[in-house]
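Everything on this sheet refers to the single structure shown next.
The values are calculated or read from the model by the stated rules, or taken from the named source; none is laboratory data. Everything numeric in this text was worked out from a predicted model, so none of it was measured. Don't worry about glycine lacking a Cβ; one is built from the backbone with ideal geometry, like all the others, and counts go over all protein chains shown.
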Amino acid sequence: MTEGIRNQQDPRKHQGGAIVASHASWRRRRLAGALLYAVLTLGAVPILIPFVWMVSTSLKPKELSQEFGILPEVERAFLVREGRRVEVIPLVETPGGGTRVRLPDGRTATVPSSAVQRTRVVQPQWGNYAKILSPRSRSADDDFLRFLLNTLVICGLSVIGQALSSALVGWGFARMRFAGKNVLFLVMLATMMVPGQVAMIPVFMIFRQLGWIDTFLPLIVPAWLGNAFFAFLYRQFFLGIPLEMDEAATVDGAGPLWIFWQVLLPMARPVTVTVAVFTFFGAWNDFLGPLIYLNSDHKRTLSLALAKFQSAYAADVPAIMAGAVLMLVPVLSIYFFSQRALVQGMVVSGVKG
C-alpha cells in the first residue's frame with residue numbers, strides 16, 4: 001500500500017511513460033509515412049518513364065534518337081596532333097586499321113584508328129524545338145504558332161462559356177423552385193451515361209445544316225450550353241451556401257441575377273477553377289472534334305497538327321517529340337499552379353447532397 005501511495009504521489013513516472021509512448025507513436029507514424037511515400041514513388045516510376053523518354057528524345061540528334069539512354073549525348077572524336085587535341089569528324093573505316101577523318105580546315109586524312117579518341121558528351125539539341133516552331137515553308141500547313149493560336153482561342157472561349165453556362169444551370173437547380181425540378185435534374189445527370197459517339201452523327205448533321213463545318217463554332221458553341229457534371233458541381237456548392245445570404249441581398253434590393261453574379265459566383269471560385277481546368281484540358285487535348293469539323297490546314301489545332309507532323313517528320317523522331325513536349329508544357333503549368341484550388345473545388349462540391 002505504501003508503494004502504491006508513493007507512485008501516486010510521484011507524477012514524474014507517469015509523465016515519463018507518456019513521453020515514451022508519444023515518441024513510439026511518432027516513430028510509427030514516421031515509418032508509415034516513409035513506406036507510403038516509397039510505394040507511391042514506385043507506382044509513379046512507370047508513369048514517368050514515357051514522359052522522361054519523350055523529353056530526352058526531343059533533345060537528341062536524329063541519328064541517335066533510337067539509342068537507349070536518358071541524357072542527350074553525342075559522340076565526338078578527337079585527334080592528337082602536335083601535342084594538342086583537334087576535333088575531327090570520322091568518315092569511314094579503311095583497310096589496315098585506319099580511319100578517314102575530316103579535319104577542321106575541311107581536308108580529309110587517313111589516320112590510325114587507335115589515334116582517334118572517341119568520347120560522348122552531353123549536348124542538348126535545342127534545334128529540334130526551333131525546327132518545330134519555325135515553318136519549313138511559307139504555307140500554313142506546318143505553322144506551329146498559328147496552330148497554337150487556334151488552340152488558345154478555342155480553349156479560352158470554351159472555358160468562359162463552360163464556366164458561365166454550367167454555373168447558371170447549377171444555380172437554377174440549387175436556388176429556383178419550379179415543378180419537376182428534381183426529375184429534370186435526374187434527367188440531366190442521366191445524360192452523363194450517354195456516350196458522346198452515339199450523338200456524333202446527328203450533331204454533325206446539325207452543324208452541317210447550320211453551315212458551321214470548317215469553322216471553330218462546333219468546337220466552341222457546345223461549351224456555352226452547359227455540362228451535366230459541371231452543373232452538378234456548382235449545384236452541390238450552392239446548396240452549401242445558406243439561403244440567409246440570398247435573403248439579406250434581397251432585402252438590400254438585389255435581384256436574383258445580381259445575387260448570382262455578385263454573391264454566389266465569387267464564392268464558388270474553387271469550383272470555377274475546377275471547371276476551367278477540366279474544360280481547358282478537354283479542349284486542348286481534343287483530337288476527334290477538330291479532325292471531324294476542320295478541313296482547312298490553317299485552322300488546325302495543336303493535337304491535329306501534331307498528328308500531321310508525324311508524316312511530315314516521319315524520319316525525325318526528335319522533332320516530333322519536341323512538338324509533343326511543347327504541347328504538354330502549358331497543361332502541366334496550369335495543373336501545377338491550380339492544383340490546390342482544383343482539389344478544393346472537388347472536395348467542397350461533394351460536401352452536401
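Would you confirm, using the coordinates I've provided, whether S134 is at pLDDT 75 or above and not basic (K, R)?
Working: at pLDDT 75 or above: yes; not basic (K, R): yes.
Against the criterion (at pLDDT 75 or above and not basic (K, R)), S134 qualifies.
Please go through (1) without any contact (Cβ under 8 Å) to a residue 12 or more places away in the chain; (2) within 25 Å of V263 (Cβ to Cβ); (3) assigned to a helix (DSSP H, G or I) for A190 and return the number of the only condition it doesn't satisfy.
A190 satisfies all of (1) without any contact (Cβ under 8 Å) to a residue 12 or more places away in the chain; (2) within 25 Å of V263 (Cβ to Cβ); (3) assigned to a helix (DSSP H, G or I) except (2).
So which residues in the range 201-222 are surrounded by 13 or more Cβ atoms within 10 Å (Cβ to Cβ) and of a type in the set (A, V, I, L, M)?
Here is the first cut: in the range 201-222, the residues surrounded by 13 or more Cβ atoms within 10 Å (Cβ to Cβ) are 203-204, 207, 212-213, 215-222.
Once the filter is applied, which keeps residues that are surrounded by 13 or more Cβ atoms within 10 Å (Cβ to Cβ) and of a type in the set (A, V, I, L, M), the range 201-222 yields V203, I213, L217, L219, I220, V221.
Any idea which residue in the range 137-152 is modelled with the highest pLDDT, counting only those that are surrounded by fewer than 15 Cβ atoms within 10 Å (Cβ to Cβ) and in a helix (DSSP H, G or I)? Break it down into steps so the answer makes sense when it comes.
If we filter the range 137-152 for residues that are surrounded by fewer than 15 Cβ atoms within 10 Å (Cβ to Cβ), which is where we start, we get 137-140, 145, 149.
Narrowing further to those that are in a helix (DSSP H, G or I): 145, 149.
Numbers: L145: 87, L149: 93.
By that ranking, first place goes to L149.
Being in contact with a Ser or Thr (Cβ under 7 Å, 6 or more places away or on another chain) and of a type in the set (A, V, I, L, M, F, W, C) narrows it down to one residue among I201, I154, I206, I160; which is it? Write out each step before concluding.
Details: I201 fails: in contact with a Ser or Thr (Cβ under 7 Å, 6 or more places away or on another chain); I206 fails: in contact with a Ser or Thr (Cβ under 7 Å, 6 or more places away or on another chain); I160 fails: in contact with a Ser or Thr (Cβ under 7 Å, 6 or more places away or on another chain).
Selected residue: I154, the only one of I201, I154, I206, I160 that is in contact with a Ser or Thr (Cβ under 7 Å, 6 or more places away or on another chain) and of a type in the set (A, V, I, L, M, F, W, C).
Could you grab the pairs with beta carbons closer than 6 Å, sequence gap of 6+ or different chains, first residue in the range 263-289 and without any contact (Cβ under 8 Å) to a residue 24 or more places away in the chain, second one crowded, with 19+ Cβ neighbours inside 10 Å?
F287/S303
Which one is surrounded by the most Cβ atoms within 10 Å (Cβ to Cβ), of the residues in the range 292-337 that are of a type in the set (K, R) and over 27 Å from S65 (Cα atoms)? First the steps, then the outcome.
Initially, the range 292-337 is screened for residues of a type in the set (K, R), giving 299-300, 308.
So of that shortlist, the ones also over 27 Å from S65 (Cα atoms) come out as 299-300.
Details: K299: 17, R300: 24.
Here the residue is R300.
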